[in-house]
1. Using the Kirkwood formula on the Cα atoms of the range 320-374, what hydrodynamic radius do you get, in angstrom to one decimal?
2. Only Cα pairs under 8 Å and at least 6 apart count here; give the relative contact order of the range 320-374 as a rounded whole percent.
3. Pairs of Cα atoms under 8 Å, at least six residues apart: use those to get the relative contact order of the range 101-147, whole percent.
4. Among the listed pairs Lys83/Lys109; Lys52/Lys391; Lys29/Lys226; Lys69/Lys109; Lys110/Lys252, which are separated by more than 27 Å between their Cα atoms?
5. Pull out the extension gain between Lys109 and Tyr188, defined as 0.36 nm times the separation in residues minus the alpha carbon to alpha carbon distance; nm, one decimal.
6. Sorting check: for 348-358, 30-40, which peptide has the highest mean count of neighbouring beta carbons within 10 Å, and how do the rest follow?
7. Mind ordering 272-285, 248-261 by average Cβ neighbours within 10 Å, highest first?
8. On alpha carbon coordinates alone, what is the Rg over Rh value for the range 101-147, Rh being the Kirkwood radius?
Amino acid sequence: MGNDQYNDIESILHGLFKPPTLKELFEQKLAELRMPPTTALGILGFGSIPLKRLLEGSETVVDIAKLFKLADFLQLPKDEVIKMYTESLERAHFQLSEVTSPDKVKFIKKNFDLVTLRKAGFIESISDFQDIENRILSRLGLKSIMEYRKPPVDLAFSSTEFKPDHHLTRSFWTSQAISCFEELTNPYHNKYKYKRDELIKYFPEIRWHSTKPEGGLHAVVRRLFKLGVTVIFLPALENLKVRGATMVVNDKPCIVLTNLFDFYPSLWFTLIHELYHVLLDLDDIRESKYHLSDDSNDQASVQQREALADEFAREYLLPGEKMERIRTRVTDPTGVNAVHDFAIENHIHPSIIYAFHAFERGKLDRKAWMRTRRYSPPLAQSIIDISLSWKDSRSIEEICKELKIRTYN
């Protein structure tokens, strides 16, 4: 028998007695229990992407608690599972270089503003392309970095020649919001509809919830979700002048709030502004999939729509004639109680009055914005149950699973 034949026999015998991998053991356990993967994920308590990395040995920084949970599920000793994971990590080591292949590095540099993402805390280094790819895949729910496509330029209210500044940042911010909405998957009402008539009926109640910095916005977002409108909070990225956004995901209206101005009243103004787009501009937005409310688009049609949405939000929260009635007390150091009482009478938080005054008279009143800051509650307590963080290292699936439990159910 020739040497090649002996090598073949040795290879066959090695394959016969080769110990199973974690991935093979997991698949065998699912088959044995006749259990779908989604049920197993519920038992393990973490998402499909972290599980995939554990089973394939591609998670270079591993949470040992996840390995312990996996060991319990497989009914194997914990030290044995840790050993098997270490071996799979070693096997995968030679495949990791694929992440930093020239084509992938070129693609990442072309499509992502790495400096901005590092400043936001999304990535730790602009040169560790393996980590960069893993972070992007995890947060956008992609299988390959080459799948990433920048969303189309905002077409709803502008011409196709419109080229916004910082388009890489804008595209990534929009993609993150879209991936979150896709993961949340609003199940309420017909597939292609939201309850527009019920939203109109509910509208008069929204303003009053602004008087409750803790829980008010949460209550409104929960109610809107059940009407078929999903609202999230996504922090702004550097140089991205986006005040908010209205999108259509799975043919359902979705709204993104952000912290461009970092004021509590801005949350409510933006929410009402975007709800105006949902009520009156959804057909146009559906054509382009999303519309960002920003200041970088000087197209007349866009500016007109934005002006109408702004006017609607101002009149809804506090009509102009009422603002004029209370304005003199806004600048009076002894008028704080009067402003507070007037706000409560009109079912809004007092900070909204100060913000409106600052916006309208800020150039004449140097203390206007300082006054607004003083009487504005911190954003954190209002957005905690609807917010994503750029520094969160979890996958979009894990983040949205927690958000569903807190708010979207």
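Since every read-out is calculated from the coordinates, none of them should be taken as a lab result. Fair warning: this is a prediction, and the values are worked out from it, not measured in the lab. Cβ atoms come from the backbone with ideal geometry, glycine included; neighbour counts cover every protein chain shown.
1. Taking the inverse mean of 1/r over all distinct Cα pairs, the range 320-374 comes out at 10.9 Å.
2. For the range 320-374, the relative contact order is 26 percent.
3. Rounded, it is 31 percent for the range 101-147.
4. Check vs 27 Å cut-off fails for Lys83/Lys109; Lys29/Lys226; Lys69/Lys109; Lys110/Lys252.
5. Result: 24.5 nm gained on full extension.
6. 348-358, 30-40
7. 248-261, 272-285
8. 0.92
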